[in-house]
Protein chains: 2
Amino acid sequence: MALMPFTDSMFLLVESREHPMHVGGLQLFRKPDGAGPDYLRGLREDLIKNEDIPQLFRRHPARPVNTLGYVAWAQDENVDLDYHFRHSALPQPGRVRELLELTSRWHSTLLDRHRPLWEIHLVEGLRDGRFAMYSKIHHALLDGVAALRHLQSTLSDDPDDHDCPPPWGTPRPPRAKSAGGTGSLLRTARSSVEQLAGVAPAALKLAKEAFREHTLTLPMQAPKTMFNIPIGGARRFAAQSWPLSRVREIASATSTSRNDVVLAMCAGALRDYLIEQRALPDAPLVAMVPVSMRGKSDGTATGNQIGAVLANLATDKKDPAARLSTIHHSMREAKRIFKELTPIQALLLSGINVAQLGVSTVPGVVSNTRPPFNLVISNVPGPRKQMYWNGAHLDGIYPASVLLDGQALNITLTSNGDNLDFGITGCRRSVPHLQRLLLHLDTALAELEHAVK
Amino acid sequence: MALMPFTDSMFLLVESREHPMHVGGLQLFRKPDGAGPDYLRGLREDLIKNEDIPQLFRRHPARPVNTLGYVAWAQDENVDLDYHFRHSALPQPGRVRELLELTSRWHSTLLDRHRPLWEIHLVEGLRDGRFAMYSKIHHALLDGVAALRHLQSTLSDDPDDHDCPPPWGTPRPPRAKSAGGTGSLLRTARSSVEQLAGVAPAALKLAKEAFREHTLTLPMQAPKTMFNIPIGGARRFAAQSWPLSRVREIASATSTSRNDVVLAMCAGALRDYLIEQRALPDAPLVAMVPVSMRGKSDGTATGNQIGAVLANLATDKKDPAARLSTIHHSMREAKRIFKELTPIQALLLSGINVAQLGVSTVPGVVSNTRPPFNLVISNVPGPRKQMYWNGAHLDGIYPASVLLDGQALNITLTSNGDNLDFGITGCRRSVPHLQRLLLHLDTALAELEHAVK
């Protein structure tokens with residue numbers, strides 16, 4: 001039995017039915033040529049033979065030894081892969097809508113603490129012939145970015161490579177022909193686990209400053225919105241891809257960054273959604289955005305640092321071009337409130353809120369205080385090349401995030417070859433008709449294109 | 001918060017990953033005429049509107065207040081039906097085999113204690129066009145017989161009755177045109193909950209006598225078999241129906257009871273299975289069989305009493321007719337070791353073993369002592385008429401049972417109109433190729449028919 005650092009145990013301690021603490025990822029694949037109706041069953045049967053399971057995928061909390069919670073990890077020496085790796089199917093009519101409905105359900109349920117804290121579902125029954133994989137792993141094992149990277153490290157850029165490990169498998173060392181591809185992702189995934197060690201004290205300190213001692217001045221004041229309330233346990237998940245080229249062209253035409261354009265897409269979609277819900281506040285929404293902080297490197301091997309900025313989403317402005325312009329200036333001039341954090345630290349921090357700090361045990365805290373920001377919009381770098389998994393073409397990889405009290409909506413996107421893949425996670429109770437946000441994102445992108453023509 | 005009687009909490013206390021303490025039922029339905037591809041989705045959407053949820057289906061354990069376990073029930077005032085009532089589908093090729101595989105998976109996982117302790121899955125994708133419903137409820141709420149009866153009480157014998165409640169709904173009072181049908185089942189389901197109250201002390205006392213103080217003489221000695229070992233957490237479930245008329249004809253021809261013939265079917269199947277596994281013991285297997293004890297009624301309203309007998313399954317005999325004869329005499333002459341129990345008490349008792357008594361914490365107890373019996377074979381009375389659920393024809397209703405250390409296999413069957421529906425629950429690790437038992441049951445029935453011709 002290994003002692004569990006507080007960085008792990010805090011995610012177990014704060015977890016409740018209303019606040020599941022796992023991260024998820026939905027991957028969409030095209031079957032290889034010649035795949036028959038039994039393709040997915042065969043693939044699963046092949047993969048499940050791989051019992052080379054790293055320690056991380058054997059971990060679950062040891063039995064509680066006191067009421068203060070779990071304090072140690074146990075290793076499962078007899079992992080029941082049949083339990084963790086499941087074969088599922090979609091009900092009729094097998095649209096992406098049914099897939100998202102099923103993903104929402106899986107993303108809502110708590111992982112079984114008697115077993116290693118992960119589940120993977122292979123899904124068939126999409127009427128377009130594709131298949132999907134939904135993966136779920138507890139935040140106490142891996143945070144969202146590390147989980148995404150771990151998944152990517154099991155892929156290959158070679159469509160003829162049929163030796164890709166299962167998602168719980170040990171990522172392979174980088175192959176000679178793709179140096180800098182999966183290899184660097186693998187290294188990142190490994191080091192992210194180590195980075196976790198220093199997070200909690202820093203995050204707690206910063207958060208205390210921000211929320212309790214008021215020594216940290218927030219550069220702008222976020223309005224109270226329908227997203228900033230206590231949440232329930234059920235989730236809704238929506239996902240869609242857009243061509244990276246469309247975002248790039250708008251950025252070029254306006255001398256803004258791709259991230260600015262992505263934020264403008266989100267801003268447009270949020271504005272339309274809130275108008276539809278008759279809930280658009282007068283003041284503009286504020287997003288917390290983790291950003292890269294290049295140029296700070298001191299020459300050590302740790303490389304880039306990431307910070308987080310608060311972005312003015314200009315949802316009070318009707319004109320899409322004016323919104324993009326405001327966002328661009330906000331991002332440029334934003335005071336970098338959390339500096340010099342590692343990527344993982346920054347992302348963890350972006351999730352910090354009153355619930356994690358235990359402040360939510362004081363009744364009324366969430367509903368009476370104005371939020372420091374309205375939602376997190378996170379843009380995680382993904383694979384640059386087209387990737388494959390045992391010959392299956394990766395069409396999309398959509399992140400499903402953790403929600404917390406006061407943060408009922410999260411938008412996380414990742415680049416994937418020539419696409420941007422958006423994953424939207426919402427509290428089922430507080431954010432109705434979440435799927436509408438996809439439509440509004442599409443409209444917002446078209447309006448931006450029209451505005452810069 | 002209601003105080004939880006020990007009869008409830010003991011099932012929560014002994015539950016572990018290896019010993020899930022829920023009972024299950026798999027129902028197979030034919031769609032009504034004219035049902036389209038969206039039939040099941042529509043049915044679910046209609047039913048989920050029924051938020052008239054009885055207290056029983058709102059219960060979950062309150063947060064642990066000390067390490068001795070849960071001591072109180074909490075009532076969920078905001079039951080998330082979307083979570084509890086799920087729409088699922090079978091992977092290709094959609095045979096009954098895939099349905100049983102999915103049922104096995106669902107029957108293996110622990111219920112989430114943060115929520116009311118039940119789940120129901122509506123399943124489409126059977127290639128023969130039928131649909132299925134798997135229900136799962138914690139033994140702390142209802143035992144297997146009561147759960148089965150509750151399910152039945154939501155059915156109707158009228159194919160045109162489209163007002164059947166959902167499985168979590170309040171059973172309707174008996175309709176005038178079907179007096180004695182669903183009504184009596186309903187009353188039984190209700191009273192079984194009350195009967196639970198007196199069970200645990202009686203069961204514990206008897207079991208202590210049987211296993212510890214050796215004051216209870218067992219009429220025969222069961223051999224040690226592959227079924228009588230500590231179990232794992234994963235389950236395999238198999239199910240099939242046979243016409244009641246085939247069993248009845250054998251019983252008539254041999255002047256035996258239907259239950260004798262059913263036991264002879266099981267005996268033949270177990271013998272063939274154990275031979276295949278090279279694990280047939282020299283001594284005959286012993287089954288614990290709950291039986292009706294008519295004629296003991298003292299005129300009070302409680303009616304029939306049920307006891308349990310140990311049956312010699314004669315698995316050492318090669319000739320099917322000789323096996324049936326031995327079983328028949330064994331059942332007639334069997335000493336009724338547990339008398340004057342209510343049906344629920346008898347069934348609960350039949351599951352009593354060292355695990356429930358906490359004796360399994362003494363290392364080696366299960367593996368070194370000879371079992372009092374090798375398995376439970378339980379024949380639960382079901383509906384006599386053909387039943388319907390909102391116009392859908394009930395083809396089968398198959399019980400899935402709880403397993404315990406030392407009892408890795410359970411056969412429970414129920415009568416259903418003109419059929420006998422068998423549900424076989426096995427420990428996935430200890431009972432390989434469980435499906436083979438269905439084939440062997442079929443062979444055993446044919447051999448009995450051949451033998452009595």
Tell me, for the rotation carrying A onto B, which chain A residue has the beta-carbon closest to the axis and what that distance is in whole Å. A:Ala89, 2
Can you give the charge dipole size of region A:2-153 about its Cα centre, rounded to the nearest 20 debye, using +1 on the beta carbon of Lys and Arg and -1 on the beta carbon of Asp and Glu? 340
Measure up A:Lys224/B:Lys49; B:Lys317/B:Lys453; B:Lys224/B:Lys453 against 24 Å on the Cα-Cα distance and list the ones that go over. A:Lys224/B:Lys49; B:Lys224/B:Lys453
7 Å along Cα→Cβ, label-point gaps from A:Gln55 to other copies, nm, shortest first: 5.1
Of A:Ile48, A:Ala89, A:Ala147, whose Cα points farthest to the positive end of the dipole of region A:2-153 (charges on the beta-carbon: +1 Lys, Arg; -1 Asp, Glu; origin at the Cα centre)? A:Ala89
Report the FRET efficiency, 1/(1 + (r/R0)^6), for A:Ala279 and B:Ser257, where r is their Cβ-Cβ distance and R0 is 45 Å, rounded to 0.05. 0.05
Find how many whole Å separate the alpha carbon centroid of region A:273-289 from the alpha carbon centroid of region A:107-128. 33
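Here, each number is a calculation from the coordinates, and none is a lab measurement. If you're wondering where the values come from, they're calculated on a predicted model, not measured in any experiment. Cβ sites come from the backbone with ideal geometry, for glycine too, and all protein chains shown count toward neighbours.
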